[in-house]
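Quick notes on the structure that follows.
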Amino acid sequence: MEPTRDTHYTLVDLLDRVLDKGVVLYADVIVSVAGIPLIGVNLRAALAGMETMVSYGIMQEWDQKVRAQWSDARTESGLPVAAGEQLRLKVFGSHYYSEGIYSAWRLGYFYVTDRRVVLYQTGFNGTLFETPLEAITGLAIQRDNHSFTDSERENLCLSLSSGNIVLLHALDIYKLREAIEDGMSALGLTAREIPAPPVADQSAARFLGEGEEVVYRGKMWHMMEPLMPGSTADTWRPGHLYITNKRLCWWYDFDEKVLFDVPLEGITAVAAETRKLGSMLKKDRVLDVVYEAEPGKRVACFSGDELPQWEKALNEIITRQGVVTNEEDTDTCPQCGNEAPVRELLEEGCSRCGWVSPRLKKQTPEIAI
């Protein structure tokens, strides 16, 4: 592939893209001489601004520790404590703030006194969150799987007398909960255990239409066509697959947009199989979805956890629409229109024109010099 130059883009544009969205590098290179492989290179790297890194769940612990150390080193005074108020706990953490179109985890130090819970940011001498202990009616621990790293973290949910539920996170979430419960107990109050609220799906909220609801969702890799001009290799990319009451769609985490979208009535067949997918993916299970598209039918490939459940859910949708598939069902080749069994097209390709589904195309391979 010959390198090209676009004079409309400058170094500033490149830096803005790297810092704002980030760049993920995946490279599997084998250097061969006279057909003999000598050197193998397996590269996995992510480059982005720290704010982008933390938003994807990368280097979060390091970022929190550095911020905590920086805050400790500052000379400004901490939370102003009223006369007679006794401090029970100070711990670094964050509060999930959402107002209008702005939402973010705001960092600071939690101060639990015998009267209130406060998140205070020393650097700006500002109170980010505050509630009296008397206003807390219930507590719960919410387990949240990060969408990009799939790592689990725990949040503390507080139910307030106003009817609101607030989310808190701390370096030691159980110590924060214990300090709040002890403070309430000293006041003769009891905090009941409430059901943990469902994890808010901020991605789905950005593309769901009026009257549209998520029926099933999960982390899923999707085999995409080349994004760069001149590239011929399909690549697996991470994201989330959604079944709503209207469509099947796949959200690409990196670009934060929907890149696969098909109405439920357009799905004609589904099959989950085991295949070798290379070193990039841990799973060898693939979900093939056949759907109507111009000028004919196409196949979308996904890989992830709980594929049998996905296959069952999609087949139920197909059955409700009166389209029941079996081993002897036939379909047409999307390239030449030749009619052949669905299994044959998915597993072997078209015998007339040589078309193969994207999942059967070879991945990038060795570079000989």
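Restrict the check to the stretch 135-144 and report whether at least one residue is assigned to a helix (DSSP H, G or I), at pLDDT 90 or above and farther than 24 Å from Y56 by Cβ.
Scanning the stretch 135-144, I find at least one residue that is assigned to a helix (DSSP H, G or I), at pLDDT 90 or above and farther than 24 Å from Y56 by Cβ, so the answer is yes.
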The stretch 313-361, subset closer than 15 Å to D288 by Cβ and of a type in the set (S, T, Y), residue modelled with the lowest pLDDT: T325
Within the stretch 35-57, which residues are over 30 Å from L14 (Cα atoms) and at pLDDT 80 or above? I36, P37, L38, I39
Scanning the stretch 58-81 for residues that are modelled with pLDDT under 75, in a loop (DSSP other than H, G, I, E, B) and either hydroxyl-bearing (S, T, Y) or more than 19 Å from F110 (Cβ to Cβ) (or both) gives T75, S77
For the stretch 151-203: of the residues being acidic (D, E) and either surrounded by 19 or more Cβ atoms within 10 Å (Cβ to Cβ) or modelled with pLDDT of 90 or more (or both), which is farthest from the chain's Cα centre (by Cα)? D182
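The values are calculated or read from the model by the stated rules, or taken from the named source; none is laboratory data. Computed from a predicted model, the values in this text were never measured in an experiment. Heads up, the Cβs are rebuilt from the backbone with ideal geometry, glycines too, and the neighbour counts pull from every protein chain shown.
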